[in-house]
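The values are calculated or read from the model by the stated rules, or taken from the named source; none is laboratory data. In this text the structure is predicted, and so the values were computed from the model without any measurement. Methodologically, a virtual Cβ is constructed for each residue, glycine included, from the backbone with ideal geometry; neighbour enumeration extends over all protein chains shown.
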Amino acid sequence: DQQVKQNSPSLSVQEGRISILNCDYTNSMFDYFLWYKKYPAEGPTFLISISSIKDKNEDGRFTVFLNKSAKHLSLHIVPSQPGDSAVYFCAASGYGGSQGNLIFGKGTKLSVKP
Amino acid sequence: DTGVSQDPRHKITKRGQNVTFRCDPISEHNRLYWYRQTLGQGPEFLTYFQNEAQLEKSRLLSDRFSAERPKGSFSTLEIQRTEQGDSAMYLCASSQVGASEDEQYFGPGTRLTVT
């Protein structure tokens, strides 16, 4: 049973436009959410996070939105750049991080076309 | 400090052999995690340490797997009697207890191929 779901395996966007990556979760005990970016042959790189007490967090071109009632979060990238092409993973943790482990989705491959 | 490092980056072994991987975390981080990633999946948690104490193990960590962090710095992950199903990317991550402790920083991974 997948607790973190990324239902779109891939997304293609034109350079300069907005990329929206979606993530759904089922466990209401999750209280911290993260997005990671992964290039081939590299480990995941931390991108942005959000605590469950917030509904939005912004860092430069990247904004994460959290809708707790819908158990849904999204990552917006504006404007998208070719260098953003990578696999994006949504991850969640619970119990204020005391459990230690992150639960990851399967990832969405983003392609930004020049 | 340049981040989390893992060694080796690639390992090819024959079924039944033992393999050991090493992870060096970011120096000031006291938490260290091991994950496994297979094709088309996200990373799956295996185990984690806080300092030298192993605090949690996933049910994915069969008795053929053992992890250590003897001095609270680097860690090793050993797989005994490897099977073809063990072929995967093994990722190590670290974090600092306290502020933003959920933000785990990953190494480049060790890709294991069992033939």
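Assorted remarks:
- Verdict on residue B:81 being charged (D, E, K, R), in contact (Cβ under 8 Å) with a residue 40 or more places away in the chain and touching a Lys or Arg at 6+ places or on another chain (Cβ under 6 Å): yes
- Residue satisfying all of: in the range B:65-84; in a loop (DSSP other than H, G, I, E, B) and within 18 Å of residue B:110 (Cα to Cα); farthest from the other protein chains (Cβ to nearest Cβ) among these: B:81
- Flag if residue A:106 is crowded, with 18+ Cβ neighbours inside 10 Å, within 14 Å of another protein chain (Cβ to nearest Cβ), under 28 Å from residue B:59 (Cα atoms) and of a type in the set (D, E, K, R): no
Let's see how each residue does on (1) within 14 Å of another protein chain (Cβ to nearest Cβ); (2) within 18 Å of residue A:26 (Cα to Cα):
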site	(1), (2)
A:52	yes, yes
A:60	no, no
A:70	no, yes
A:77	no, no
A:84	no, no
A:90	yes, yes
A:112	no, no
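- Scanning the range A:14-49 for residues that are within 14 Å of another protein chain (Cβ to nearest Cβ), part of a loop (DSSP other than H, G, I, E, B) and either among the charged types (D, E, K, R) or closer than 16 Å to residue B:4 by Cβ (or both) returns A:39, A:41, A:42, A:43, A:44.
- The range B:76-109, subset closer than 29 Å to residue A:50 by Cα and hydroxyl-bearing (Ser, Thr, Tyr), residue modelled with the lowest pLDDT: B:100
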